1. Whole number in Å², please: accessible area per residue of the chain, 1.4 Å probe, ligands, DNA and RNA not counted.
2. State, to one decimal in nm², a quarter of the convex hull surface area for the C-alpha atoms of the chain, i.e. the direction-averaged projected area.
3. Hey, any idea what the orientation-averaged projected area of the convex hull of the range 19-71's Cα atoms comes to, in nm²?
4. For the range 1-105, with all protein chains present and a 1.4 Å probe, just round the carbon and sulfur fraction of the accessible area to a whole percent.
5. Tell me, what is the Rg over Rh of the range 61-106, with Rh the Kirkwood radius over Cα pairs?
Amino acid sequence: MSDFVAVVVLSLLSSALTEALSYVIVYRTEAFQRLKAKVIQTETRLEEEKNAVSGSGKHRQRRIDGLETQLADARRSAGSLQMRATLVVGLVQMAAIYAVGTQFSGR
């Protein structure tokens, strides 16, 4: 039973560590916050443009296409920032698995 508790505690600690690292590496950075605000703002503008009834067809469609392009670019940039955290999380999880494996290898 104590082995089970030890494995659960190590798993919880490694999960908490990876979440903290993700926050520090990505989510609290100014670049990510700017991208997040830009995504929210662009989504709002896009939704307003799609719901608007005024404006000519071609000009309105060009604005919608431009907003969709901006939104895709912002999401792609945010995804590239999150890839760094994914790499670090993977390394920490591999280290945790190695630690658990060496701790309980003879049992």
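The values are calculated or read from the model by the stated rules, or taken from the named source; none is laboratory data. For clarity, every value in this text was computed on a predicted model and none was experimentally measured. To get the accessible areas, we keep the full protein, side chains included, count just its heavy atoms, and leave off ligands, DNA and RNA. Shrake-Rupley method; radii C 1.70, N 1.55, O 1.52, S 1.80 Å.
1. 73
2. 9.3
3. With the hull built on Cα positions only, its mean projection is 4.2 nm².
4. 62
5. 1.48
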